[in-house]
Amino acid sequence: MGKLDRQINADGEGNMTDKAQAIEVRDLYKRFGPLEVLKGVSLSASQGDVIALIGGSGSGKSTFLRCINMLELPTAGSVTIHGETIEMKQDGHGGMMPANRRQIQRIRTKLGMVFQSFNLWQHMTVLQNVIEVPVNVLGQPKDQAIAVAETLLRRVGLYEKRDAYPAFLSGGQQQRAAIARALAIQPLVMLFDEPTSALDPELVGEVLSVIGDLAKENRTMILVTHEMKFARQVASHVIYLHGGVIEEQGSPEAIFENPQSERLKKFISSIH
Ligand SMILES: Nc1ncnc2c1ncn2[C@@H]1O[C@H](COP(=O)(O)OP(=O)(O)OP(=O)(O)O)[C@@H](O)[C@H]1O
Ligand SMILES: [Mg+2]
């Protein structure tokens, strides 16, 4: 989306009602057997919002992200991407399943996911990783996909490594390749699950800098992170998850400078 959207959307008062809705999650529940991991989590992001999702280990952050692209099937609730709600039906065991496989596949190609552990295809070069889905799933002409991939690899500082295999890259380089791969599908929403937590400390900065640049581009992003300083800088909204519910949410200033719940206060001071 271009500058025009930004101008139309920004009313200067944080009023989101006029902005294009990029993603809306309503009352999401997820249960693994007897364990209820998400207990009614809702989130709504407008075009260009960067939502930081924070919370302790086991609070349900990854499960929530995975439910958005149906890598995990929610037990109840709805997910809507740019106005299109994922169609679900009862699975007969108290849960839900996709009602329309084609729709899921299509919507997945609009969500760029970046994992903690990179998940690059090890038997493919960096360039092959980036063009794989555009060419073999989306049917783009190969030369066009290569041109886009090369531009993206330049952006993340990896053009020189385009013919290298992942095993020969540092963790930071692999994660930047994974980000280029996620961008290559021209996603409507980027989902990041702790993209820097598997990295050596000296490599964290290069990845955060790439994500920080994306945040400035009017891209809609949901970012699970333990990097509080970074969340503070890039997020437009912060959600604190605890025990599968949103315990507190608000602007980065409100959450980090003026947390209300005792638990959030403790969490923030434990992380600094
Ligand atoms: N496939 C699964 N089967 C059973 N339980 C699961 C599964 N995936 C997650 N869980 C459980 O759900 C809870 C939430 O897990 P989740 O991975 O979403 O937490 P998280 O907030 O991402 O934690 P972390 O910060 O450690 O990554 C945990 O108790 C976890 O053990
Ligand atoms: Mg997690």
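No value in this document is a laboratory result; all are computed from the given coordinates. Predicted, not measured: the structure shown is a model, and the values here were computed from it. All Cβ positions, even for glycine, are placed from backbone atoms using ideal geometry, and neighbour counts span all protein chains on display.
Observations on the structure shown:
- 222 nm mean residue ellipticity, helices alone, for the chain (DSSP H n ≥ 4; -39,500 (n - 2.57); rounded to 500): -10500 deg cm²/dmol
- Among the GluC sites (Glu not before Pro) found in region 161-248, those both in a DSSP coil and sparsely packed, with 14 or fewer other Cβ atoms within 10 Å of their Cβ, are GLU217.
- Taking a sphere under 15 Å around the Cβ of PHE118 and counting the other residues whose Cβ falls inside, with K and R at +1 and D and E at -1, yields a net charge of -2.
- Radius 12 Å from Cβ of GLY157, net charge of other residues (Lys, Arg +1; Asp, Glu -1): +2
- Per-residue ³J(HN,Hα) for region 71-79, Karplus 6.51 cos²θ - 1.76 cosθ + 1.60, θ = phi - 60°, Hz, x for Gly and Pro: 5, 10, 8, x, 7, 7, x, 9, 10
- One way to sum up the overall shape of region 116-186 is the equivalent ellipsoid from its Cα gyration tensor, whose semi-axes run 18, 12, 11 Å, largest first.
- Cβ crowding within 10 Å, taken as a proxy for footprinting-reagent exposure, orders MET228, MET97, MET190 from fewest neighbours to most as MET97, MET228, MET190.
- Residues ASP49, ASP200 in ascending order of nearby Cβ atoms (within 10 Å, fewest first): ASP200, ASP49.
- Rounded Å value of the spacing that divides the Cα centres of region 21-39 and region 153-173: 35 Å
- Within the chain, antiparallel bridges make up roughly 60 percent of the DSSP beta bridges whose residues both belong there.
- With θ taken as phi - 60° and the Karplus curve 6.51 cos²θ - 1.76 cosθ + 1.60 applied, the whole-hertz 3J(HN,Hα) list for region 256-262 is 8, 9, 9, x, 9, 7, 4 Hz, x standing for glycine and proline.
- Segment LYS266..PHE32, full-extension length gain: 81.4 nm, with 0.36 nm per residue of separation and the alpha-carbon distance subtracted.
- Around the Cα centre of the chain, unit charges on the Cβ atoms of Lys, Arg, Asp and Glu (plus for the first two, minus for the last two) sum to a dipole of about 540 debye.
- Charge dipole magnitude, Cβ of K and R +1, D and E -1 - region 116-186, Cα centre, debye nearest 20: 160 debye
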